[in-house]
Amino acid sequence: MEPLQLLAPDGTLTGDVPDGLDEDRLVGMMRLMLLGRRLDQKAIALQRRGKLGTYAPLSGQEAASVGSSFAMDPDVDHLVPQYREQLAMLHWGLPLGTYLLQRYGHPRGAELPEHRRLYPQQVALAAHAPHATGLAWGLRLRGERAAVICHFGDGASSEGDAHEAMNLAGVTGAPVIFVIQNNGWAISVPLHLQTRGVIARRADGVGIAGERVDGNDVLAMYAATRRARARALDGGGATLIEAVTYRLGAHTTADDPTKYVDADELEDARTRDPLTRYRTWLTGAGLWDEAREEAAVAWIDETVDEAVRVFDAAGPVDPGAMFDHVYADEPPRLARQRAEYLAALGGGA
Amino acid sequence: MEPLQLLAPDGTLTGDVPDGLDEDRLVGMMRLMLLGRRLDQKAIALQRRGKLGTYAPLSGQEAASVGSSFAMDPDVDHLVPQYREQLAMLHWGLPLGTYLLQRYGHPRGAELPEHRRLYPQQVALAAHAPHATGLAWGLRLRGERAAVICHFGDGASSEGDAHEAMNLAGVTGAPVIFVIQNNGWAISVPLHLQTRGVIARRADGVGIAGERVDGNDVLAMYAATRRARARALDGGGATLIEAVTYRLGAHTTADDPTKYVDADELEDARTRDPLTRYRTWLTGAGLWDEAREEAAVAWIDETVDEAVRVFDAAGPVDPGAMFDHVYADEPPRLARQRAEYLAALGGGA
Amino acid sequence: MTVRSMIETIRLTLEDEMARDERVMVLGEDVGTQGGVFRATEGLKARFGADRVVDTPVAEAGIIGASIGLATAGMVPVAELQFLGFAHQAFHQIGFQLARFRYRTLGRFPLQVTIRAPYGGAVHAPELHSDAFEGMLANAPGLKIVAPSTAADARGLLTSAIRDPDPVLYLEPLRGYRLVRDEVPDDEHLVPIGTARIARPGRDVTVLAWSFQVVNALEAAEAAAEEGIEVEVVDVRSLVPLDETTIAESVSRTGRCVVVEEAPRTAGFGAELTSTVQELCFLDLEAPIARLAGWDTPYPMPLLEKDYIPGTARILDAVRRTVAF
Amino acid sequence: MTVRSMIETIRLTLEDEMARDERVMVLGEDVGTQGGVFRATEGLKARFGADRVVDTPVAEAGIIGASIGLATAGMVPVAELQFLGFAHQAFHQIGFQLARFRYRTLGRFPLQVTIRAPYGGAVHAPELHSDAFEGMLANAPGLKIVAPSTAADARGLLTSAIRDPDPVLYLEPLRGYRLVRDEVPDDEHLVPIGTARIARPGRDVTVLAWSFQVVNALEAAEAAAEEGIEVEVVDVRSLVPLDETTIAESVSRTGRCVVVEEAPRTAGFGAELTSTVQELCFLDLEAPIARLAGWDTPYPMPLLEKDYIPGTARILDAVRRTVAF
Ligand SMILES: Cc1ncc(C[n+]2csc(CCOP(=O)(O)OP(=O)(O)O)c2C)c(N)n1
Ligand SMILES: Cc1ncc(C[n+]2csc(CCOP(=O)(O)OP(=O)(O)O)c2C)c(N)n1
Ligand SMILES: [Mg+2]
Ligand SMILES: [Mg+2]
């Protein structure tokens, strides 16, 4: 199953620029992709300085995240992300500072935008897939014209939850788009040990639409997702998009990929870098130049620095926060535990 | 995806009689199918008289069970069955009396043949599918030339376990054959609410071989399973066989299908009765006649009567049986509980 | 007030709640056309349509996972698990997704979800159908667990569960579906989650039970009364949150306590009750708290089950021993 | 004897057992080339090959389910779950398939399967990675559960677990992987499953703990000693089966007991210990058994975790209160 491609690895346009992408948005995609790449560097540096817990870099997957996100309307649609979707989450309005606080383990890092179209990032692989199906199904039942996009990885696609979610999407006709980021790895486990099947083909087995897309081609990702969204909104049901991409960095900052990634394979993958490809085309099309790159970098540095400022200003943790939001009303037993805890704090224990 | 068919519903042979079926075995399949049909009647009667708990009739699915079972070698291969596979279990040497005791809830009903190639029947839908994968994988690791066959239903195929098992079979190359008995129903839920996909197509998604077979055609079921077994033994890995069949009876004796099964649909399904079809062809081929039918019925009645005698002779339950086989060695706490229980029994509580 | 069976009451309550609030929907295996394998949802699809009464594929994690999504979309899902024994397939979704969503989103995504599940033994069911594993889920903060023993409470607690802004696991006693019959309010009736009920007052010993074991406990109390022992039966009915006040007050008064449950003894919910009572009533206890439970074996074959789960005789015996201590 | 860290000891023990018995195999996520995310299986694939050290797809139910099948085929699988927090995805396979296979086949299919899972908090891990839910699985008869706190016991219990004819869940303290270091026998070393260990003798109060909390308990005991309180620390180490004899003997002697665990308090395994002790030692108890645990909230964000799980200060405080009662 040949992946859909609109931009060849050398940046040649092999199809049409998809509808819905004016200059602003074409440039916006580039900027967000760049932000992703630089965020990785900055976050890894922060982590080394002990400011973040583990961080999951996204380098290599910028096109898959950004193309699929731009094809949705964050003012209307919903995002149900796995942990490596920081770019999609930012696109849905999560402040970068909040994201960093989350990685730091600060309770305020769990703050989500008020609009409630952004789910918390999911750590349990594929456990959020049925949530996405239910959410999309519920939107349809409530008569809202909106779709849901849910990202997860090739590893997560092996989980039973992924199958249950996609099959349920098939029978309910839920307007949901599953984007499987097939980045070749689940931590150290390569794709051929994860599955011998073609992930996109799973769509046939559960009766939803399926597409295999070059995940390093932001235009193809955009086009496929846009088509899937139109299908979802028109009552055509769910789509599974397999984004064939490659994880260029470590699984997380706790991981050392040199132990298991073949250096040649990695080199080869770098030749398909989604940023280079898109930049080449964008530049050729007269939409990108050094000035724009510099402006983007300045904006990014500003954005990241601002986020780090927010982060640094977050202040100490409110100890009582541990007991907040377990239930709408605190049961007596929990109230007693809270009191006991706060008293001990006061007592200097 | 057109199901493989060798016998048309009117009993015309549309392909070749598969290899491996001499007269004896062709007749043997008919006899076992007939046994199934009559066992349903007898078991339902026993259940009405309070002798069995719930019973899950198999009428309509005889060909799928028998054809797939005959293609395996019970002296070598292993069976990992769901609860509606009484015929396959008998083929693997389970005494019918034991089967009835199991349905009665008698502890001795859990006795399995000593050869250990027959797993206990599984009640938790698809939970046995990963067992089958692991067993097949283990046989390969141990250097045994044997395959595993594992049956479950269209409903069970929606469970995450089914996906995990089949995907793992793909990457391990385990010699396992999953026979999905797509009988149109999961209790009251019809196939189109169970899935919108083609179940056999799931094979592509996980990288195993897939076949869609007319499950009411015992020759086609035999042929497909035989092919799958050869593939498994030759290192070609796992196969998913979707047997397209129909449940002619109730889900179990506790179920009233008239509440949800359309009478016309059922009438229509009866025209594809696997027994009639096979009997017609077998008769035309000169391998079956009234005398053979009578002999078969006599043998069946005898078999069932004998089983009922075993059943009746099973005697009262050994109360201590409740505590047996929790662990190889009984921990002190459990020993104390056993003693307490037995003492209370003695004391007439 | 009308005398109704428990199953009829549950059906009626679901119907009332669906009529009252159009966001309420029912989903699960066989809940639609069939009306549930025990008829708890009979007639609902005919009245409310296939969008609100949904037959799902056989996929428990999917059912609970989808309920989470449905709730965040603004629906009020009431999911049925056909038997609690198959809740295990959804364990990660119940204990670690559903229960925690409010907490991990700082209240942004509360989940008004009810899970109904029949459970409990002595109905001659196949393997795994009789398992009583409520204690396992009681260790998952964020989830509420209730288990009525009367039809009236079945109504009151189900109404409260559906309207509760947090997820509630609502356990139905298989054995009591038709056996339990009592006066049920015809109109709206709420029992606050987190309150126990004194099912029978008594001064000599407190028996703590829930679900069908309350019926057994009351029977044992009758028998004990004939021997001059006055048993107080407390229907715990809300496992999480627990009504420590009612429980502690009772045991402190009687000074003796017997805890009854159907799960295997080791690490069942009875252990929580026993611990709580010894913490709250230590100085008032005149005998060790007796824990009655299933034995530490898997649920046995049906012909043995009546000896597996505690029955009247075992409760009576424990009551006698506790009083005589 | 060599001083080794716990993680090194686990690795070594796996290697020894694989060398001893060619049926032993290791499977799980990242156990192969990577040698496990914590290096517990480092070097094993190089030595024993890809057939016996297997990187599996990300599918926990599949891993445990396949282990059942592998065991019946005559292999001895040692499955790794990357974190106990993801055992929930396999809950039905662990608690209701693996644990029951011997029972439901009348002994025909015993399952010699070990599940290794790191767990426990205070390592600044993401959500769900620190959960301590051993108590939930303790309610599943047929499964054994062990949780060493020293490197020596890590060796002894892992050897016993792998050789045990029944399924054993072997819990590894994340926090202790590198922190815990002690003298480990170089040769074969077995600790019988079902035995507790007196980690420190004392006469005033018994602290029951397991896994990393034993380290905290010992620290608290040091501090208490300076105040003149002699704490006896019992390392429970085998949750199922439980060594009631050692535990009861200790508490009966000291008359006082503190139970420490990391799971949420309600219905954690601490409840089982508390109940057992009050049953076995009722007349000897001079104070209520104190239960220390995580609070009844989901595991909090990392910056709060040190206040979530019991630490030395809370243990010391409970010890003081229990002695002063
Ligand atoms: C249910 C579950 N099992 C195991 C893990 C541990 N784990 C974290 S990431 C990971 C690999 C995931 O691979 P993939 O889904 O391909 O996503 P990627 O990291 O490549 O983006 C594993 C096994 C987990 N988080 N959740
Ligand atoms: C895990 C699990 N969930 C639910 C059930 C309850 N249940 C028993 S049979 C059944 C329908 C199964 O349908 P299918 O798999 O098609 O098999 P069939 O009965 O048609 O042979 C259901 C839902 C179960 N046994 N196990
Ligand atoms: Mg991946
Ligand atoms: Mg079916």
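Laboratory data are not the source of any read-out in this text; all were calculated from the coordinates shown. Treat the numbers as computed from the prediction; the structure is a model and nothing was measured. Every residue, glycine as well, gets a Cβ built from its backbone with ideal geometry; the counts of neighbours run over all protein chains shown.
Key figures for this structure:
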| item | result |
| --- | --- |
| Net charge dipole size for the protein assembly as shown [Lys, Arg +1 and Asp, Glu -1 on Cβ; Debye, nearest 20] | 180 |
| Sorted peptide list for C:77-89, B:302-314, criterion being average Cβ within 10 angstrom, highest first | C:77-89, B:302-314 |
| Filter on B:42/D:144; B:42/B:259; C:45/C:144; A:51/A:259 - keep pairs with C-alpha separation over 32 Å | B:42/D:144 |
| Residue of A:187, A:44, A:149 that the Gaussian network model of chain A assigns the largest fluctuation, springs spanning Cα pairs under 10 Å | A:187 |
| 10 Å Cβ neighbours from other chains, averaged over peptide C:287-293 | 3 |
| Karplus-derived HN-Hα couplings along the range C:151-157 (A = 6.51, B = -1.76, C = 1.60, θ = phi - 60°), whole Hz, x at Gly and Pro | 5, 4, 5, 4, 5, x, 7 |
| Derived scalar couplings ³J(HN,Hα) [the range C:185-202; Karplus, 6.51 cos²θ - 1.76 cosθ + 1.60; whole Hz; x for Gly, Pro] | x, 6, 8, 2, 8, 10, 10, x, 5, x, 10, 8, 9, 7, 7, 7, x, x |
| Cβ-placed point charges (K, R +1; D, E -1), dipole of the range D:197-324 about Cα centre in debye, nearest 20 | 80 |
| Ranked packing of A:327-336, C:116-125, most packed first, by mean Cβ within 10 Å | C:116-125, A:327-336 |
| Positive dipole terminus of chain A, leading residue within A:328, A:288, A:195 (C-beta point charges) | A:328 |
| Within the range C:8-56, GluC sites (Glu not before Pro) in DSSP loop having at most 13 other beta-carbon neighbours inside 10 Å | C:22 |
| Charged-residue dipole, Cβ positions (Lys, Arg, Asp, Glu), chain A about Cα centre, Debye nearest 20 | 820 |
| Angle between chain B longest axis and helix B:290-313 axis [Cα atoms, degrees, rounded to 10] | 20 |
| Cα gyration tensor shape of the protein assembly as shown, rounded if a/c is under 1.5, else prolate or oblate by comparing a/b with b/c | rounded |
| Fraction of beta bridges assigned by DSSP in the range A:127-195 that are antiparallel (%, nearest 5) | 25 |
| Shortest-first nm distances, residue A:19 label point to equivalent points in other copies (7 Å, Cα→Cβ) | 5.5 |
| Virtual spin-label span in nm between residue B:328 and residue B:234, 7 Å along Cα→Cβ | 4.1 |
| Integer Hz, Karplus 6.51/-1.76/1.60 couplings in order for the range A:140-157, x for Gly and Pro | 5, 4, 7, x, 8, 8, 7, 10, 10, 10, 9, 9, 7, x, 4, x, 4, 5 |
| Tensor-based shape of the range C:221-320 (alpha-carbon gyration tensor, a/c under 1.5 rounded, otherwise prolate or oblate) | oblate |
| Mean Cβ neighbour count within 10 Å, used as a protection proxy, ranking B:113-122, B:59-68 highest first | B:59-68, B:113-122 |
| Alpha-carbon Rg/Rh ratio, for chain D, with Rh computed the Kirkwood way | 0.97 |
| Candidates A:28, A:160, A:320, ranked by Gaussian network fluctuation over chain A, Cα under 10 Å, top entry | A:320 |
| Residue B:312 paired with residue A:302, simple spin-label distance in nm, labels 7 Å along Cα-to-beta-carbon | 9.3 |
| Neighbouring partner chain Cβ atoms per residue of A:101-112, average, 10 Å criterion | 5 |
| Shielding score for D:27-34, defined as the mean number of other chain Cβ atoms within 10 Å | 5 |
| Gyration tensor (alpha-carbon) shape descriptor, the range A:152-197, a/c threshold 1.5 | prolate |
| Residue A:82 long-range amide H proximity, modeled H, under 5 Å | A:122, A:151 |
| DSSP beta bridges in chain D [antiparallel fraction, %, rounded to 5] | 20 |
| Inter-copy spacing of residue D:185 label points, which lie 7 Å from Cα along Cα→Cβ, given in nm from shortest upward | 6.7 |
| Nearest-first distances (nm) between copies at residue B:293, label 7 Å from Cα via Cβ | 8.5 |
